[in-house]
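The values are calculated or read from the model by the stated rules, or taken from the named source; none is laboratory data. Nothing here was measured: the structure is a model prediction, and the numbers come from that model. Every residue, glycine among them, receives a Cβ derived from its backbone with ideal geometry; neighbour counts consider all protein chains shown. When the accessible area is computed, the model is the full protein with side chains, heavy atoms only, and any ligands, DNA or RNA have been set aside. Shrake-Rupley method; radii C 1.70, N 1.55, O 1.52, S 1.80 Å.
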Amino acid sequence: MGADKQTVAFYDAEASPYAAHSFEASQLRDFMAELPRSARVLDLGCGAGADSAAMMAAEFSVTSADASIGLAAEAKRLWNVDVQVMEFSDLNFVDVFDGVWASASLHHARVADLPGVFAAIRRATKSGGVFHATLKADNN
């Protein structure tokens, strides 16, 4: 379940322009509305940290994770968000999070690795937890 090195290198090199993109505001609001007050949230593939910052501002306890060192640096610079630089295969949390936010990140995993990634997300999520993921559809 290793990260695609070419993809990570792209995000490292293009971290600043990528960080200028906006986050999924309406989907994020809906996700947060499903969470209990002061929930613990994993922002998996947090990118430049805008969503993490929004969840922190809403008083959630957020663990931000991304495979890109460059994006982690942008998250710190732009939003003062500390990011754990890790790949999907590094997920080793057990029953920690009330919610997992994986916005536009899981499509970077190899299809063959997705069952293991989803299993790791499930282990990390408390019973009754909320999971949000946006994925790209392939028409081929």
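State whether segment 71-140 is rounded, prolate or oblate according to the following rule on the C-alpha gyration tensor (a ≥ b ≥ c being the square roots of its eigenvalues): a/c under 1.5 gives rounded; otherwise a/b larger than b/c gives prolate, and the remaining case gives oblate. Taking the square roots of the gyration eigenvalues as a ≥ b ≥ c, segment 71-140 is oblate. Near T125: Cβ cut-off under 12 Å, other residues only, Lys/Arg at +1 and Asp/Glu at -1. The net charge is +2.
Need one word for segment 24-85: rounded, prolate or oblate. Basis is the Cα gyration tensor (sqrt eigenvalues a ≥ b ≥ c); a/c below 1.5 gives rounded, then a/b vs b/c decides.
Note, shape of segment 24-85 comes out prolate.
Give the lysines reachable from K126 as a straight Cα distance under 29 Å; neighbours fewer than 8 places away on the same chain don't count. Output for K126: K76, K136. What you get for segment 44-140, charging only the Cβ of Lys and Arg (+1) and of Asp and Glu (-1), is a dipole of about 120 debye around the Cα centre. Computing mean projected area of the Cα convex hull in nm² directly from the structure and comparing it against (1) 9.5; (2) 11.0; (3) 8.2 singles out (3). The amide H of F131, built 1.01 Å from its N in the peptide plane, has V100 as neighbours under 5 Å, considering only residues 5 or more places off or on other chains. Along the axis of the charge dipole computed for segment 40-140 (Cβ charges of +1 for Lys and Arg, -1 for Asp and Glu, origin at the Cα centre), the listed residues G47, A67, V94 are led at the positive end by V94.
Ligands, DNA and RNA left out, the accessible area of segment 44-140 computed with a 1.4 Å probe is 52% carbon and sulfur.
From Cα pairs below 8 angstrom and at least 6 apart in sequence, can you work out the relative contact order of the chain, rounded to a whole percent?
On the way: 261 pairs, mean separation 37.9, N = 140.
So the answer I get is 27 percent.
Neighbours of S52 by Cβ distance under 10 Å: Lys/Arg scored +1, Asp/Glu scored -1, total -4. For the pair A25 and L114, what calculated FRET efficiency results from E = 1/(1 + (r/R0)^6), where r is the Cβ-Cβ distance and R0 = 30 Å, to the nearest 0.05? Step by step, r from the Cβ atoms, then E = 0.70.
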